[in-house]
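The values are calculated or read from the model by the stated rules, or taken from the named source; none is laboratory data. Bear in mind that the values here come from a model prediction, so they are computed numbers and not experimental data. Please note: Cβ atoms are built from the backbone with ideal geometry, for glycine as well, and neighbour counts cover all protein chains shown. We work out accessible area using only protein heavy atoms, side chains counted, and drop any ligands, DNA or RNA first. Shrake-Rupley method; radii C 1.70, N 1.55, O 1.52, S 1.80 Å.
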Amino acid sequence: MMPSHAIAGEETGGDPEHLTQTARRQAQIDPLGALRAPGDPPWDVYLTGTVFLDIVFTGLDSAPVRGTESWARGMGSSPGGVANMAAALARLGLRTSLAAAFGDDHYGEYCWDALAHGEGIDLTPSRTVPGWHSPVTVSMAYEGERTMISHGHEPPPEEPAPDCPPPARAAVASLTPGRRAPWIAQAARKGTRIFADVGWDDTGAWDLAGLADLEHCEAFLPNAEEAMRYTGSTCPKAAAHALTEHVPVAVVTLGAEGAYAVDRRTGETAEVPAIAVEALDPTGAGDVFVAGFVTSTLAGWPLADRLALAGLTAALSVQEFGGSLSAPGWSEIGAWWRRVQSLETQNPTALRRYAFLDTLVPTHLDRPWPLRRAVPTIGFGRTA
């Protein structure tokens, strides 16, 4: 395994001009630059879903004990939910469009500002819902895991998501057992490549037929437990192969053991071990993994390199607070790559796995733009 190297973050304030400059500087590396042509869709990736305000507590020695008070050594606030994926994609240089409802409270204003101005995400399909409070999640990180408590309400029915998604190279969808999302089929018919993950099946059915929108997907990225339950397999790798009967590319995440992928169309298989890190907060790591895989897939990389980038971006993200604002950019990826190459004890075989970064990551300053990070509280820097 590769060693742990935390890359220090710079916390920035909420000054609108600073955030606008940050958004302008983000796309210093365009992973799709060589592929862009006149007539391409305006967006690389489209997403829709719920944006939460995440409040994350870290530094807990154990799970909270009933009837007692626990103190956390660290705290951060940031946009969460679908914002995790959107920010991760934007920080990797993809032109990202998000359709979501935002409350008209301070939480909603903060999340909108962080995503639109801080990350350069297109929120044209999004809307602010009067009188609707922002959904909130409190996440507690301890022992390498997390426990979450969420509260929120569905936005009013008169505030639907866009019926027709904008043209995009790709879209990321979270499949719901037993329910279709009409926009997925609409996007696929327009040539949008659909990447999908899935949550835990609370019904206990674990029936692939219930994931009806899987037929429109190019890639499916469940974790090992989900993959085995849906296929009836006792081995994650066997589950990945079984899933390719339903979707061209299956990627199964294996937690601390990395990830395994199969591409039915090319016959490729790939397995990449996880990078050993000291995790501060695992919130959003799965979303960052998917963002890395989508980015490198659109760039046309080999399957093993796509898995390697996905795992690396996820590993770097867990060393920071929060889901969305912990996602790394190319500058941080470059800093990590230069650092591990400088270690005399580094395993040459492990280094070769990431050699594709040589011609991609920046060779200048580790952080050519200040990435916005999760902050303990919201409202500093507000002017009257």
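Which residue is surrounded by the fewest Cβ atoms within 10 Å (Cβ to Cβ), if the candidates are limited to the stretch 29-56 and must be of a type in the set (Asp, Glu) and not in a strand (DSSP E or B)? Among residues in the stretch 29-56 that are of a type in the set (Asp, Glu) and not in a strand (DSSP E or B), the one surrounded by the fewest Cβ atoms within 10 Å (Cβ to Cβ) is Asp40. Residues that are more than 15 Å from Pro248 (Cα to Cα) and touching a strand residue (DSSP E or B) at 6+ places or on another chain (Cβ under 6 Å) within the stretch 193-210 comprise just one, Val198. Only one of the numbered conditions (1) in contact (Cβ under 8 Å) with a residue 24 or more places away in the chain; (2) within 28 Å of Pro41 (Cα to Cα); (3) open to solvent by 40 Å² or more (accessible area, probe 1.4 Å); (4) of a type outside the set (Gly, Ala, Ser) is violated by Asp207, and that is (2).
The residues of the stretch 178-204 that are crowded, with 16+ Cβ neighbours inside 10 Å and acidic (Asp, Glu), listed by number, are Asp197, Asp201.
So, Gly311, is that one part of a loop (DSSP other than H, G, I, E, B), open to solvent by 10 Å² or more (accessible area, probe 1.4 Å) and at pLDDT 90 or above or not? For Gly311, the condition - part of a loop (DSSP other than H, G, I, E, B), open to solvent by 10 Å² or more (accessible area, probe 1.4 Å) and at pLDDT 90 or above - is not met. Within the stretch 188-225, the residues that satisfy the criterion of being part of a helix (DSSP H, G or I) and out of contact with any Phe, Trp or Tyr (no Cβ under 7 Å at 6 or more places or on another chain) are Ala188, Arg189, Ala209, Gly210, Ala212, Asp213, Glu215, His216, Ala224, Glu225. Determine if the stretch 124-133 includes at least one residue that is among the small types (Gly, Ala, Ser) and surrounded by 20 or more Cβ atoms within 10 Å (Cβ to Cβ). Taking every residue of the stretch 124-133 in turn, at least one turns out to be among the small types (Gly, Ala, Ser) and surrounded by 20 or more Cβ atoms within 10 Å (Cβ to Cβ). Tell me, yes or no, whether the stretch 73-85 has at least one residue that is modelled with pLDDT of 90 or more, within 30 Å of Arg169 (Cβ to Cβ), surrounded by 14 or more Cβ atoms within 10 Å (Cβ to Cβ) and of a type in the set (Val, Ile, Thr). Scanning the stretch 73-85 turns up at least one residue that is modelled with pLDDT of 90 or more, within 30 Å of Arg169 (Cβ to Cβ), surrounded by 14 or more Cβ atoms within 10 Å (Cβ to Cβ) and of a type in the set (Val, Ile, Thr).
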